[in-house]
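Colleague: Let me begin by handing over the structure; questions about it come next.
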Amino acid sequence: MEIVEIIKVVVAGIICWLNFVLIDTYFGLPEKPGVLGAKTIGEKIRDIGGNIHGGYFMGNIVCSPDASAGTLLASIMSYLMGVEGGIIAALLVWIGNRLCADPGYAGTIGALTITAIIYLLSPIIEAKYFIAGMVLAIFTIQGFEHKYASILLGKIAKKMNRGE
Amino acid sequence: MEVLPLISGICCILGGIGVILHTNPINKIIMFALLEVGMIGLIVSSYYLDIAIISSLCEPICTIILLLGYLKYITTIKKKKKYGRDLPVLSK
Amino acid sequence: MDIVEIIIGVIALLMAIRIFLTRSRARKLLYLCCLSFCISALIALYVDSPMGGIVAITYFVCSTLSSNAIAYTIEQAKDIE
Amino acid sequence: MGDIAILYLTSLIISLIVALILKLPLIPKEKPVRFSFQTSIIFPTPILALGIEAIFRNLFGNYIVLAVFAGLFGALLSKYSDKLFGEP
């Protein structure tokens with residue numbers, strides 16, 4: 001039975017990865033550093049041999065709650081409260097975004113889309129596996145190997161016409 | 001054997017050692033943030049949820065006060081060095 | 001002991017050790033961000049009631065504010081020196 | 001099920017009407033849209049109204065009056081968010 005659970009976690013992780021990377025790239029995170037702190041992280045990533053636009057992406061995730069935070073918090077609230085929890089999470093993520101001097105398009109739209117996906121997939125994959133999947137997805141970008149992750153993010157940004 | 005108290009305890013111990021061992025002030029503040037992470041985890045693991053909300057609201061405020069003090073310290077050192085370079089005129 | 005909690009716990013342990021060992025200041029912030037994702041998920045899985053969700057959201061937003069301030073200060077300190 | 005849908009629809013429609021009365025623009029005037037801080041009818045107003053309605057329904061119960069107030073508060077929060085959070 002453990003094998004089935006691990007397969008569910010991996011599939012949920014792939015869905016969450018596609019969700020937050022595509023939404024963040026579409027709303028222009030790799031294009032420019034939104035706040036001053038993201039600039040220094042991007043230049044640091046460039047110094048160790050990565051891509052500068054991937055570095056801006058990582059810095060913007062650290063400095064304000066974007067679609068990654070929206071995905072995690074909406075899956076937590078929909079595990080605890082059902083569909084209404086996702087809407088409450090979208091409201092609170094918008095307030096957090098405005099506190100960090102960010103327009104807040106990416107966070108709320110990411111939260112609403114993951115709520116819809118969890119509601120559609122709930123007979124097959126429960127919301128508990130999406131939490132672990134989101135942690136696994138953020139681990140592959142922020143925690144595993146910064147150089148290659150930033151090169152991959154830069155290629156995706158170039159393909160979607162955001163940044164160079 | 002639960003997972004949350006175990007991870008929080010390890011974070012507290014590592015943060016406490018790191019605050020002593022690192023020498024750069026920014027590194028000390030980052031290690032202090034790691035210690036606060038473990039502290040909030042330990043509070044939640046004994047179900048004191050209201051205290052957890054209050055302490056996680058107060059955490060960025062105390063970090064910002066420490067950082068303001070650090071910036072003031074750097075600026076003071078810079079000004080004193082410039083003033084010290086001008087001083088030898090008096091000592092001649 | 002659930003398989004979901006074990007996966008998140010292993011990732012959190014790895015991140016705590018990597019924060020302690022990395023030398024660069026800017027890369028420590030990236031690992032700290034990943035650690036706060038893990039702790040926020042663990043809080044929600046441990047408490048298992050709507051109040052736990054409120055605690056998780058409050059904790060995550062406030063830790064983001066704190067790391068925003070630290071990154072801003074690194075840039076300012078580089079400017080002054 | 002039908003009652004809950006009616007409550008959410010009420011708060012959504014009330015928030016749109018109040019936003020029209022307060023003269024919010026339909027979409028932000030600055031281009032490109034994804035970097036502008038200006039609030040408009042399409043983006044934050046319906047989400048704020050639905051979120052406040054969800055919080056009210058979980059705290060106090062299913063009343064139609066609370067849905068009307070939720071729509072009113074959502075539109076007001078969307079209009080005056082610049083004064084509340086500070087200009088960027």
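Colleague: Just to check, using Stokes-Einstein with a Kirkwood Rh over alpha carbon pairs, what's the diffusion coefficient of chain A at 37 °C and 0.692 mPa s in µm²/s? Working shown, then result.
Modeller: On the way: Rh = 15.9 Å.
Approximately 206 µm²/s, per Stokes-Einstein.
Colleague: Over the Cα atoms of segment B:3-82, how large are the radius of gyration and the largest Cα-Cα distance (Dmax), in Å?
Modeller: 15.6, 54
Colleague: Kindly provide log₁₀ I(q)/I(0) values, in the same order as q = 0.08, 0.11 Å⁻¹, from the Debye equation applied to equal alpha-carbon scatterers of the protein assembly as shown.
Modeller: Those come out to -0.45, -0.84, one per q.
Colleague: Specify whether the C-alpha gyration tensor of chain C places it in the rounded, prolate or oblate class, a ≥ b ≥ c being the square roots of the eigenvalues: rounded for a/c under 1.5, otherwise prolate if a/b is larger than b/c and oblate if not. Show your work: numbers first, answer last.
Modeller: Values: a/c = 5.67, a/b = 1.67, b/c = 3.39.
The shape class here is oblate.
Colleague: Just to confirm the number: angle between the C-alpha axis of helix C:25-47 and the first principal axis of chain C, 0 to 90 degrees, nearest 10?
Modeller: Tilt of helix C:25-47: around 20 degrees.
Colleague: Along each of its three principal axes, how wide is the spread of alpha-carbon positions in segment D:1-74, in whole angstrom units, largest first?
Modeller: In descending order, the Cα extents are 42, 22, 19 Å.
Colleague: Tell me the angle of helix C:50-80 to the major Cα principal axis of chain C, expressed in degrees between 0 and 90 and rounded to the nearest ten.
Modeller: 10
Colleague: Between segment C:29-69 and segment A:2-74, how many Å separate their Cα centres?
Modeller: Answer, in whole Å: 16.
Colleague: Whenever you get a sec, line up A:Glu145, D:Glu87, B:Glu59 from highest to lowest accessible area (probe 1.4 Å, protein heavy atoms).
Modeller: Details: A:Glu145 80, D:Glu87 140, B:Glu59 10 Å².
Ranked list, largest accessible area first: D:Glu87, A:Glu145, B:Glu59.
Colleague: Using only the alpha-carbon atoms, how far is helix C:3-21 inclined from the longest principal axis of chain C? Give it as 0 to 90 degrees, nearest 10.
Modeller: 20
Colleague: Another question, if that's okay. Loop-only check: which GluC sites (Glu not before Pro) in segment A:3-93 are DSSP coil with at most 16 other Cβ within 10 angstrom? Walk me through the numbers before you get to the answer.
Modeller: Values: sites: A:Glu5, A:Glu31, A:Glu43, A:Glu84; in loops: A:Glu31.
The qualifying sites: there are none.
Colleague: Another question about this same structure. Report the accessible surface area buried between chains A and C, summing both sides, using a 1.4 Å probe on protein heavy atoms only, in Å² rounded to the nearest 100.
Modeller: Details: alone 9080 and 6460 Å², together 11750 Å².
Counting protein atoms only, the buried area is about 3800 Å².
Colleague: Could you tell me which helices of chain A pass both thresholds, a Cα extent of 30 Å or more along their own axis and a mean Kyte-Doolittle hydropathy of at least 1.6, with helices taken as whole DSSP H runs?
Modeller: On the way: long enough: A:2-26 (36 Å, 1.66).
Going by DSSP H runs, the hits are A:2-26.
The values are calculated or read from the model by the stated rules, or taken from the named source; none is laboratory data. Bear in mind that the values here come from a model prediction, so they are computed numbers and not experimental data. Positions of Cβ are generated from backbone atoms using ideal geometry, with glycine treated the same way; all protein chains shown enter the neighbour counts. These area figures cover heavy atoms from the full protein model, side chains too; ligands, DNA and RNA do not enter into them. Shrake-Rupley method; radii C 1.70, N 1.55, O 1.52, S 1.80 Å.
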